[in-house]
């Protein structure tokens, strides 16, 4: 069965520090992977997606993610956190034209 | 501007009442989805529709109903059979037929049973 696991329901970093949000997946076929961001009481917005080709994917707002097949991971990073990055982040896997979602990681930015 | 509109943003319902959440899109997308979001549980699929006049149950369809009479519209009815309807509901749409396409989301409706 296909699944997505996000490690850590909450991640806290200081402003200016590296952001690392972890996502591991399970898939029997080559995966299509996504990261979405959700601000409080809002819908979700696509940050970036991996389909095929380059394993390092750049997204909006300075975020990037690296697809590592050997580790079945698709971790999201940003070199320097900003207060405006405080939100909830969801990793998702495309399975038969439907998205399978991780439980989400709430990113907290400390001033 | 193209996008998805959900209304209302906040909705209060008395126990035993049915209530309908609206979702309209002008993106010309074939596929539309309804998700329920509860704290710490990610998004759970209620219903989805790949084409007009057709829809499929998702993982948690019990107590919900939908219709897809027009391409642009995919309303969700929360019936009195839904035991715990208080949640944040998200509607989304996407292009059908391509597996790596983005899902576009509305701003959500927060339903509270009082």
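Taken over region B:12-36, the criterion of being more than 11 Å from the chain's Cα centre (by Cα) and within 13 Å of chain A (Cβ to nearest Cβ) is satisfied by B:25, B:29, B:30, B:31. From the list A:99, A:93, the one residue that fits, being within 13 Å of the chain's Cα centre (by Cα), in contact (Cβ under 8 Å) with a residue 60 or more places away in the chain and under 18 Å from residue A:28 (Cβ atoms), is A:93. Meeting the requirement of 3 or more residues that are surrounded by 14 or more Cβ atoms within 10 Å (Cβ to Cβ), the strands (runs of 3 or more DSSP E) wholly within region B:38-114 are B:43-51, B:64-66, B:76-78, B:87-94, B:109-113. Can you find a residue in region A:61-75 that is under 11 Å from the mean Cα position of the chain (by Cα), free of Cβ contacts under 8 Å to residues at least 12 places away in the same chain and either at positive phi or surrounded by fewer than 17 Cβ atoms within 10 Å (Cβ to Cβ) (or both)? Looking for residues that are under 11 Å from the mean Cα position of the chain (by Cα), free of Cβ contacts under 8 Å to residues at least 12 places away in the same chain and either at positive phi or surrounded by fewer than 17 Cβ atoms within 10 Å (Cβ to Cβ) (or both), one finds at least one in region A:61-75, hence yes. If you go through region A:65-111 and keep only what is within 14 Å of chain B (Cβ to nearest Cβ) and not in a strand (DSSP E or B), you end up with A:96, A:97, A:102, A:103, A:104.
Scanning region A:38-51 for any residue that is touching a strand residue (DSSP E or B) at 6+ places or on another chain (Cβ under 9 Å), in a strand (DSSP E or B) and over 22 Å from residue B:33 (Cβ atoms) turns up nothing. For region A:16-39, residues that are within 11 Å of another protein chain (Cβ to nearest Cβ) and more than 13 Å from the chain's Cα centre (by Cα) total 4.
Do you know which residues across region B:37-62 are facing chain A (nearest Cβ under 9 Å), touching a residue at least 24 places away in the same chain (Cβ under 8 Å) and within 18 Å of residue B:95 (Cβ to Cβ)? Once the filter is applied, which keeps residues that are facing chain A (nearest Cβ under 9 Å), touching a residue at least 24 places away in the same chain (Cβ under 8 Å) and within 18 Å of residue B:95 (Cβ to Cβ), region B:37-62 yields only B:50. Going through (1) modelled with pLDDT of 95 or more; (2) under 27 Å from residue B:16 (Cα atoms) one by one, residue B:71 falls short only on (2). Say we look at region A:40-56 and pick out the residues that are facing chain B (nearest Cβ under 10 Å) and loosely packed, with under 13 Cβ neighbours inside 10 Å; which of these is farthest from the chain's Cα centre (by Cα)? Checking each candidate, the answer is A:41.
The values are calculated or read from the model by the stated rules, or taken from the named source; none is laboratory data. Predicted model, so just to flag it, every value in this text is computed and none were measured. We place every Cβ from the backbone using ideal geometry, glycine too, and count neighbours over all the protein chains shown.
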